[in-house]
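Trainee: One structure is given below, represented as structure tokens, and several questions about it will come after.
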Amino acid sequence: MKTTIVLPTYNEKENIEDFLKTLLEEINLTNDFNINILVVDDYSPDGTADIVKKVMGNNPKVNLLLNNTRGLGKAYIAGFRYAIENFSPDILIEMDSDFSHDVKKVKELLNAISKGADFAIGSRYIKGGSIPSDWALIRKLNSKYGNIFARIIAGLYSIKDCTSGFRAIKTDILKQIDLDKLNANGYSFQMNILFECTQKGAKVAEIPIDFIDRTKGKSKLGLYDILEFMVNSFILRLRLIKNVFVK
């Protein structure tokens, strides 16, 4: 199966070169999947794209899309479309480029797809998964209870980690979704795309991961992202209620 790993970036010059090299070393060991990488950079002022271009010169598996719409969700939508149109992948992978996600788990996500899942999640909240023990209390609460909020309000009850940014998704499922109607510019994209895929009957698998806090650069999560996430959770709940009455 052909696979494209989509990496959204904004001001990741401190991480991107080392991360791409580490990821390339890992995917070269993965023989069962034809994997390439698409970096979607939101015109980072720190020169992230220039570093990616340098890596591209030495490895044809690395590709770059310069995206002029700011936000994680918009970057993923642009990346998914570009990948589908230019690489025709069977599987798309979402992943951070700051070493928060262990590259060795890529193969486990792909194996879950090959065994029948449509949507494989690198899960922090199932047995064997974890978040950093040294996170500040407020960040732990934001992560844990934000995820619980999504499960209860958006109706994703059976899924333990609704907000993970480390996933493998079958392209056939994504093609059934109108990406323009996701209404998610930021991190709520993760919840919204999962919701839409499950509404299309996607079979979801969760693989335990240890989320690792970045050591270089800054997190992009802001107050706007949290508010958008909460609003979108209630919008999805209203859709579920509407579907009950329509049926």
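The values are calculated or read from the model by the stated rules, or taken from the named source; none is laboratory data. Note that the structure is predicted; figures quoted are calculated from it, not measured. Because the Cβ atoms are built from the backbone with ideal geometry, glycine has one as well, and the counts that use them run over all protein chains shown. Side chains included, ligands, DNA and RNA excluded: accessible areas come from the protein's heavy atoms. Shrake-Rupley method; radii C 1.70, N 1.55, O 1.52, S 1.80 Å.
Trainee: Tally the DSSP beta bridges in the chain and give the antiparallel ones as a percent, rounded to 5.
Mentor: 25
Trainee: Could you work out [θ]222 nm for the chain from helices alone, using -39500 (n - 2.57) per DSSP H run of at least four and dividing by all its residues? Round to the nearest 500 deg cm²/dmol.
Mentor: So the helix-based figure for the chain works out to -13000 deg cm²/dmol.
Trainee: For the chain, with a Gaussian network of springs between Cα atoms less than 10 Å apart, report the residue from Lys181, Lys144, Lys160 with the top mean-square fluctuation.
Mentor: Maximum fluctuation in the GNM of the chain, among the listed residues, is at Lys181.
Trainee: Stick to Cα atoms and the Kirkwood definition of Rh, then tell me Rg/Rh for the range 91-179.
Mentor: 0.98
Trainee: Could you give the radius of gyration (one decimal) and Dmax (whole number) of the Cα atoms in the range 1-60, in Å?
Mentor: Computed over the Cα atoms of the range 1-60, radius of gyration and Dmax are 11.8, 37 Å.
Trainee: Related question: For the range 141-205 and the range 93-121, what is the centre-to-centre distance using only Cα atoms, to the nearest Å?
Mentor: 15
Trainee: Then there is this: Quick check for you: with a 1.4 Å probe and neighbouring chains kept, what is the accessible area per residue of the chain, in Å²?
Mentor: Ligands and nucleic acids excluded, the figure is 49 Å² per residue.
Trainee: Pick from Gly165, Gly201, Gly122: which is most flexible by mean-square fluctuation in a GNM of the chain where alpha carbon atoms under 10 Å apart are linked?
Mentor: Gly201
Trainee: What distance in nm lies between label points placed 7 Å from Cα along the C-beta direction at Asp134 and Arg239?
Mentor: 3.9
Trainee: What residues have an amide H closer than 5 Å to that of Ile5, excluding those fewer than 5 places away on the same chain, when H is modeled at 1.01 Å from N in the peptide plane?
Mentor: Correct list: Asn36, Ile37, Leu38, Ile93.
Trainee: For the pair Lys2 and Leu66, how long in nm is the line joining their label points, each one 7 Å along Cα→Cβ?
Mentor: The answer from the label model is 2.6 nm.
Trainee: Let me ask another. Only Cα pairs within less than 10 Å get springs; with that Gaussian network setup on the chain, which residue of Asn86, Asn142, Asn232 has the largest fluctuation?
Mentor: Asn86
Trainee: To continue, here is another question. Determine the share of the chain's accessible area contributed by carbon and sulfur atoms, expressed in whole percent, with a 1.4 angstrom probe.
Mentor: The computed percentage sits at 54.
Trainee: What pairs in Lys140/Lys175; Lys74/Lys104; Lys105/Lys216; Lys115/Lys216; Lys104/Lys127 have C-alpha atoms more than 24 Å from each other?
Mentor: Numbers: Lys140/Lys175 34 Å; Lys74/Lys104 27 Å; Lys105/Lys216 21 Å; Lys115/Lys216 36 Å; Lys104/Lys127 18 Å.
Checking Cα-Cα distances, Lys140/Lys175; Lys74/Lys104; Lys115/Lys216 exceed 24 Å.
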